[in-house]
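Let me begin by presenting the structure, written as C-alpha cells, before commenting on it.
The values are calculated or read from the model by the stated rules, or taken from the named source; none is laboratory data. Computed from a predicted structure; not experimentally measured. Glycine gets a Cβ as well: all are built from the backbone with ideal geometry, and neighbour counts include every protein chain shown.
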Amino acid sequence: MNGIEVNNVSKNFGDTLALNQVSLNFEPNKIYGLLGRNGAGKSTLLNIITNRLFPDDGTVTIEGLIGTENDVAQKKVYMMSEKNLYPKSMTCQEVFKWSKLFYPNFDLEYATKISNQFGLGLHKKIRTLSTGFSSIFKIVIALSVNTPYVLFDEPVLGLDANHREMFYKMLIEKYSDASFTAIISTHLIEEVATILEHVMIIKNGEILINDSCESLLSSGYTVSGTAQQIDAFILEKVVIATDTLGGLKTATVMGNIDKDIVPLGLEITGLDLQRFFIKLTNEE
Amino acid sequence: MQINFEDERPIFIQIAEGIEDGILTGGFAENGQIPSITELSVNYKINPATALKGISLLVDEGIIFKKRGVGMFVAPGSVSKLRAKRKRSFFEHYIKKLVAEAKKLEITSEEILGMIERGYKE
C-alpha cells in the first residue's frame, strides 16, 4: 500500500483526549494542509506518525510498513517540528553534515544554496539563532532531506513576510522538481490555501473536513449587499456567518449558487476560507 | 496577471484567463513560448496541479500546444480564436455589469452610449 495510513488512532494525555479514532490517508506526491487551532491535535498526530509518541490505540503504516519502532519505515519520513531538537552548541553546517548520515539523500549543496538565499549564516551556532532563523534553519533541512514524506509543523513560525513568501516558493519549486508528499500543519489557512491540494481540518482531536482544496473552496461563497437584500437572499440557505455594517451585510453561504438568479446589486465573491475555518473550529 | 483568492472563479480558471489575456495583449506571441508549469506555480504560489489544470484547458481548446521536452507554445491563430470567444462572452461579462451599475446610479442608456463614444475617442 502506498502513502501514509493512519488507522483509528487515539491518544490521551491524562484525561485529555488529544486524538479520537482518527483515520486518514496521505497519498504519495501531494501537498496536504493539516489545519486546526492551537491544541486541536495537529502536532500529536504528526508526532505519532513519526513515532515520537505512541498511540493508545490504532496503527500508522508508511508505504505498508508499520511505523511504530521501525527504522526502515521512519527513514521515509522527515518531520520539521515546532521544537528545536538539535544540539544547541552545533553550527548549522555541522547539523547539515550529520543530517546526511541519517538521511543519505540529504542534498548539502542545495541546503547551502537556500541557506544563502535566506541569509542564514552556516557557521552560526544553533543556540544563537533568533526565532525566525531557527525556523529557517529547520526549513532548510526539511527541504534538503529528500525523503518521500516531509512533515512541516508550523513551518513559518516567526518568519517575516519576505521569508514566508520565499519558503512557499521554494517548497513549490522543490515539489515540481521531484514530487514528494508534503504535510503542512498550520493555522494560517489563507496563506497556504493556494498551495494545498488537499485539506484536513482537525478539531478537538477529530477530523472535521477531509477534502480536496478545490472542492472545499467551491463548497460555498460570500455574498454582500444591503441588509434587506441579503436577508431576503439567504432565506432557506445554509449561512455560516454574517457581518453587518450599518445597512450593509455580508454573508458566508454554503452550497452552490445559480448565477442567473442572483438579484441585481448583490456582489458574489469566493468562499472566505479564514472565516469558514474560524466558524468551523469555534468552541460553541 | 493577478491571482485573486477572493475571486469567485476557481484559481485554475484565473490562470487560464491570465494566459489568454497575455496572448490577446501580445505578451505571449503566437508560436512563442509560455512559462512552464513550475514557473507559473512558483510565481503565483499555487499548487502545480492547479497550474496544470488551467493550462490543460487551453491545450484542449487548441490555444496552447506542447512540444515534448521543450515547453509549451501559443498555437498559430490563437489571437483570433480568443477574440471570437471573448466577444461571445462580452455581453455576459461586461454589458450586464455595466447596466447594473448604471441602473444603480440612475444613468440612462443614452448617457451610457454617449460615454462609450467618448471612451472610444480618448
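Points to keep in mind about this one:
- Among strands (runs of 3 or more DSSP E) entirely within the range A:1-94, having at least 3 residues that are under 24 Å from A:LYS138 (Cα atoms) and touching a helix residue (DSSP H, G or I) at 6+ places or on another chain (Cβ under 9 Å) singles out A:31-35, A:77-80.
- Looking across the range A:173-228, the residues that are in contact (Cβ under 8 Å) with a residue 40 or more places away in the chain, among the charged types (D, E, K, R) and closer than 26 Å to A:HIS163 by Cα come down to A:GLU190, A:GLU197.
- Entirely in the range A:181-262, the strands (runs of 3 or more DSSP E) that have 1 or more residues that are among the polar types (S, T, N, Q) and in contact with a strand residue (DSSP E or B) (Cβ under 6 Å, 6 or more places away or on another chain): A:181-186, A:206-212, A:220-226, A:238-245, A:248-254
- Which numbered condition A:SER215 misses (of (1) modelled with pLDDT under 90; (2) more than 11 Å from every other protein chain (Cβ to nearest Cβ)): (2)
- Lone qualifier among B:PHE73, B:PHE91 - being closer than 30 Å to A:LYS174 by Cα and either modelled with pLDDT of 95 or more or assigned to a helix (DSSP H, G or I) (or both): B:PHE73
- Within the range B:1-48, the residues that satisfy the criterion of being among the hydrophobic types (A, V, I, L, M, F, W, C), in a loop (DSSP other than H, G, I, E, B) and within 11 Å of chain A (Cβ to nearest Cβ) are B:ILE3, B:PHE5, B:ILE46.
- A single member of A:MET166, A:MET200 is farther than 19 Å from A:LEU143 by Cα and either of a type outside the set (Gly, Ala, Ser) or within 8 Å of another protein chain (Cβ to nearest Cβ) (or both), and it is A:MET200.
- Test set (1) within 11 Å of chain B (Cβ to nearest Cβ); (2) under 31 Å from the mean Cα position of the chain (by Cα); (3) surrounded by fewer than 18 Cβ atoms within 10 Å (Cβ to Cβ) - A:ALA241 fails condition number: (1)
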